[in-house]
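Computed from the coordinates by the stated procedures, all read-outs in this text should not be read as laboratory data. All values derive from a computational prediction rather than experimental measurement. Cβ sites come from the backbone with ideal geometry, for glycine too, and all protein chains shown count toward neighbours.
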Amino acid sequence: MQSKIDQYTEEIKAFTAAKADELEVFRIKFLGTKGLIKDLFEEFKTVGPEEKRTFGKVLNQFKQFAEGRYNEIKESLGSGPQVKESDIDLTLPGDGFEVGSRHPLSLVRNEIIDIFKRLGFVVAEGPEIEDDWHNFSALNFPQEHPARDMQDTFFIRKGDGTDDIALRTHTSSVQVRMMENGKPPFRAIMPGRVYRNEAISARAHCFFHQVEGLYVDENVSFSDLKQTLYHFVQELYGEGTKVRFRPSYFPFTEPSAEMDISCTICKGSGCNMCKYSGWVEILGCGMVDPNVLENCGIDSKKYTGFAFGMGIERITNLKYVIRDLRLFSENDVRFLKQFTTDII
Ligand code: DAH
């Protein structure tokens, strides 16, 4: 052991380094986790108690010596780059960097928000994990009513065995929160993610995105609803896009309707996007049911309102002719890059 220490000491004394990488080789050889000094300490474990006393000291001194030498050389090399000015070619192009692009759903969501903001709507948000009251009961879905089956729900079972917590199935729950926590008038849109217990396919997904709209004030009428949505469609899909309303049913609106627009692909002449009907459905809407207003503590004799809800994926599909919902969540950059060159 002593002879090894002597030999290494000589070697270390003689060592010099002109560059940082030479010093690094030295560090790895002597001071590294698999270096020679580590080996000596391993060997030290095996010697007898008598030798331990003498060698313990010698070994520690040797280690300090090697570390001292390393630090000394390191300092003399300095920490700046070891490059001569003449080695730098300033005419070389810089490193390029990848610029991201916005997700098509974000683009369309922002566009929808912008249109409604110009009409005086504010943006509101609510939680994705909801209770039965906000997602169903307050919206006039009675317990055990078949209307609840319109939306296949992911319920969350709590520790006590009850399951009145669920992933929200629609952004209509945010309407309730807004009305419960404020005073009319309300004029808001509520974008967000929603969840349904659906098998994933080109046409359905277990999560997707919606934008809810709510307008409550004195004297709000169905013609306000029609005019607002008509304006929205002209802004989003271009002047001349036609709209039509078909009667429908939602527990939280009365009367309820679904709104179609003239097919954005074939302009109404018939194609496979509109199943040769010339029309495509884009949203559900209606006058807020007085029961819902009352459930949220709003006087339904004094106030009326309209509401609407649309799927952002559906609006995006029609805008960009996308036929498979799964593309939105697969993170394939070849798909994602096609929609914008905007810098994030
Ligand atoms: N919440 C409905 C759904 O997810 C959409 C909807 C329909 C929202 C009519 C509304 C409305 O506000 O008035 O299918």
Q) What angle, in degrees between 0 and 90 and rounded to the nearest 10, separates the Cα long axis of helix 104-118 from the longest principal axis of the Cα atoms of the chain? A) 50
(Q) With only alpha-carbon atoms in the gyration tensor, what are the semi-axes of the equivalent ellipsoid for segment 133-236, in Å, largest first? (A) 28, 19, 12
Q: Mind giving me the FRET efficiency for Ile28 and Lys57? R0 is 25 Å, r the Cβ-Cβ distance, nearest 0.05 is fine.
A: 0.45
Q | Helix 222-237 vs. the chain, principal-axis angle (Cα, 0 to 90°, nearest 10) | A | 50
Q | Most mobile of Ala124, Ala17, Ala147 in a GNM of the chain (Cα contacts under 10 Å) | A | Ala17
Q.
More than 17 angstrom separation, counting every C-alpha pair in segment 231-313; what % is that?
A. 55
Q) What per residue convex hull volume, in Å³, comes out for the chain when only alpha-carbon positions are used? A) 288
Q. What residue among Ile88, Ile112, Val123 has its Cα farthest toward the positive end of the dipole of segment 19-134, where the charges are +1 on Lys, Arg and -1 on Asp, Glu, each on the Cβ?
A. Ile88
(Q) Assuming 0.36 nm per residue, please report the length gained on full extension of the stretch Thr340 to Thr46 beyond their Cα-Cα distance. (A) 99.0 nm
Q. Could you give the alpha-carbon Rg of segment 2-81 over 2.2 N^0.38 Å, rounded to two decimals?
A. 1.20
Q: Please check which bits of segment 267-311 a label hung off Asp217 would reach, taking the label as a point 7 Å along Cα-to-C-beta and the cut-off as backbone N under 18 Å.
A: 286-288, 299-308
Q: Using only the alpha carbons of segment 59-127, determine the length spanned along each of the three principal axes and report them from longest to shortest in whole angstroms.
A: 78, 43, 19
Q: Can you bin segment 149-306 into rounded, prolate or oblate? Criterion: square roots of the alpha carbon gyration tensor eigenvalues sorted a ≥ b ≥ c, rounded for a/c under 1.5, prolate for a/b above b/c, oblate for the rest.
A: oblate
Q | Principal-axis tilt of helix 36-46 within the chain, Cα atoms, nearest 10 degrees | A | 80
Q: Assuming a ≥ b ≥ c are the square roots of the Cα gyration tensor eigenvalues, decide whether segment 46-178 counts as rounded (a/c under 1.5), prolate (otherwise, with a/b larger than b/c) or oblate.
A: oblate
Q: Might you report the magnitude of the Cβ-based charge dipole of the chain about its Cα centre, with Lys and Arg at +1 and Asp and Glu at -1, to the nearest 20 debye?
A: 380
**Q.** Extension reserve of the Arg118-Asn331 stretch, reckoned as 0.36 nm per residue once the Cα distance is removed
**A.** 73.5 nm
